[in-house]
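The values are calculated or read from the model by the stated rules, or taken from the named source; none is laboratory data. This structure is a prediction, so every number in the text was calculated from the model and none was measured. Here Cβ is always computed from backbone atoms with ideal geometry, including for glycine, and neighbour counts include all displayed protein chains. Each accessible area value is taken on the protein alone, full model and side chains, heavy atoms only, with ligands, DNA and RNA left out. Shrake-Rupley method; radii C 1.70, N 1.55, O 1.52, S 1.80 Å.
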Amino acid sequence: MGLVALGAAALAWTFVRADLPVPGGDLGSLPAAPHVDGLVLRRLPTATIASQHGFSVRGAPITAPFTSAMVAFVVQHPKGTVLIDAGMGSRGREHVSTVPYLMQAIVDLQMRQGTADGLRAGGIAPAGLWGVILTHGHWDHVSGLQDLPGVPVWMTTEEQAYVAEDGGGLLYRQIDAERPVDVRTLTFPDGPYGPFAASWDVFDDGSLVVLPLPGHTPGSVAVLVNGAERTLFVGDTSWTQEGVAWPAEKPWVTRRMVDHDPAGVREQLVFLHRMVAANPGLVVVPAHDGRVHARVPTL
Ligand SMILES: [Zn+2]
């Protein structure tokens with residue numbers, strides 16, 4: 001009995017707020033944002049999962065409701081239209097069966113529209129996309145690829161290796177086996193970008209910049225859109241705005257299910273926290289925090 005009580009107390013402790021320590025010092029500014037005529041950022045909501053806030057970030061009330069939003073973001077640029085993540089596809093509900101049993105038990109996916117359908121409704125032909133830049137290769141970021149045949153999909157070599165062998169790449173492998181994904185290797189040829197060691201300036205005008213952010217998965221990336229706001233998409237490095245603002249990691253129980261390198265994620269959360277402090281106006285967008293997504297107009 002004593003041991004059970006001790007175990008319960010230990011588990012409860014993993015939900016108690018414990019903000020990550022932040023070292024002093026200024027991280028430095030990002031390069032000045034250019035103004036590019038015709039750059040438009042839009043949000044394409046595809047599905048939601050009803051969840052609990054305390055399971056999304058350590059220290060939030062455990063039972064408070066939190067809506068986990070599954071989205072793709074659409075960047076319309078004069079040189080092409082890019083998706084940041086693929087959102088959920090038309091067969092999204094089937095795709096839930098590719099995640100671990102424990103997660104299937106808690107995931108109640110409410111589909112709204114598949115990404116390709118949402119694009120068409122917004123006047124964008126899916127086949128004409130310039131490409132999809134994946135923040136990482138987990139199921140809820142690749143599901144929509146199933147309805148986007150022939151569209152180039154950008155991933156780092158580390159992420160390609162991860163989705164080829166890890167359980168977290170099961171849905172990607174399934175979609176790829178059904179109809180090969182036109183995968184392109186994402187590299188960072190454009191040198192340092194502010195505090196980031198490397199970068200890829202996608203259209204060579206500073207409007208859309210991809211940056212390495214490994215931790216949640218080995219090849220996770222962040223995508224910076226320098227539009228009306230400076231918007232940094234950080235994938236699942238954090239699920240919530242509090243993860244960067246406090247900063248705080250996911251609680252142990254979800255962290256161990258989804259984070260490939262928890263120590264690396266902690267480092268990135270502190271890094272992002274410091275970057276916001278050094279760059280007023282920078283908006284960090286966790287992949288599933290609908291409260292932050294609301295800043296971006298829907299397509
Ligand atoms: Zn995710």
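Fully extended, how many nm does the chain gain between Thr157 and Thr185 (0.36 nm per residue separation, minus their Cα-Cα distance)?
On the way: separation 28, 0.36 × 28 = 10.08 nm, distance 0.62 nm.
Gain on extension, Thr157 to Thr185, equals 9.5 nm.
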Gyration tensor (Cα) of region 42-86, equivalent ellipsoid semi-axes in angstrom: 31, 10, 6
If every Lys and Arg gets +1 and every Asp and Glu gets -1 at its Cβ, then about the Cα centre region 31-293 yields a dipole, in debye to the nearest 20, of 560 debye
Equivalent-ellipsoid semi-axes of region 151-299, from the Cα gyration tensor, Å, largest first: 24, 20, 15
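Pop out the Kirkwood hydrodynamic radius of region 9-66 from its pairwise C-alpha distances, inverse of mean 1/r, in Å to one decimal. Provide the component values of the computation, followed by the final result.
Values: mean 1/r = 0.0623 Å⁻¹.
About 16.1 Å, per the Kirkwood formula over Cα pairs.
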Under the rule rounded for a/c under 1.5, else prolate if a/b exceeds b/c, else oblate, using alpha carbon gyration tensor axes a ≥ b ≥ c, the chain is classed as oblate
How compact is region 153-229 by the rule of thumb for globular proteins, expressed as Cα Rg over 2.2 N^0.38 Å? 1.21
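Run the helix sum for the chain: -39,500 (n - 2.57) per DSSP H stretch of 4+ residues, divided by residue count, reported at 222 nm to the nearest 500 deg cm²/dmol. Numbers along the way, then the final one.
Numbers: 12 runs with 88 residues, N = 299.
Helices in the chain give a 222 nm mean residue ellipticity of -7500 deg cm²/dmol.
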Under 8 Å for C-alpha pairs, at least 6 residues apart: give me the relative contact order for region 158-224, rounded to a whole percent. 24 percent
When the charge dipole of the chain is computed with +1 at the Cβ of Lys and Arg and -1 at the Cβ of Asp and Glu, the Cα pointing farthest to the positive end, of Leu171, Met103, Thr67, is that of Thr67
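Could you work out Rg/(2.2 N^0.38 Å) for region 254-299, with Rg from alpha carbons only? Write down the numbers at each step before the final one.
Details: Rg = 13.2 Å, N = 46, 2.2 N^0.38 = 9.4 Å.
Ratio of Cα Rg to 2.2 N^0.38 Å: 1.40.
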Per the Kirkwood treatment, what hydrodynamic radius in Å, one decimal, follows for region 20-157 from the mean inverse distance over all distinct Cα pairs? 16.9 Å
Note down the accessible area of Ile106, probe 1.4 Å, to the nearest 10 Å². 100 Å²
Whole angstrom only: what separates the Cα centroid of region 242-299 from the Cα centroid of region 172-207? 20 Å
With each label point set 7 Å from Cα along the Cα-Cβ vector, what nm distance links Ala105 and His35? 5.6 nm
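Restricting to Cα pairs below 8 Å that are 6+ residues apart, what does the relative contact order work out to for region 1-149? Please round to a whole percent. Don't jump to the answer; show the numbers that get you there.
Working: 252 pairs, mean separation 35.1, N = 149.
Contact order relative to length: 24 percent.
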Normalised by the residues of the chain, what does the relative contact order come to in percent, with Cα pairs under 8 Å and at least six apart? 21 percent
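If packing is taken as the average count of other Cβ atoms within 10 Å, what order do 28-34, 2-8 fall into, highest mean first?
Details: 28-34: 13.3, 2-8: 8.6.
Ranking the peptides 28-34, 2-8 by packing returns 28-34, 2-8.
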For region 193-261, evaluate the Debye formula with one uniform point scatterer on each Cα (no solvent term) and list log10 I(q)/I(0) at q = 0.17, 0.21 Å⁻¹, rounded to two decimals. -0.69, -0.94
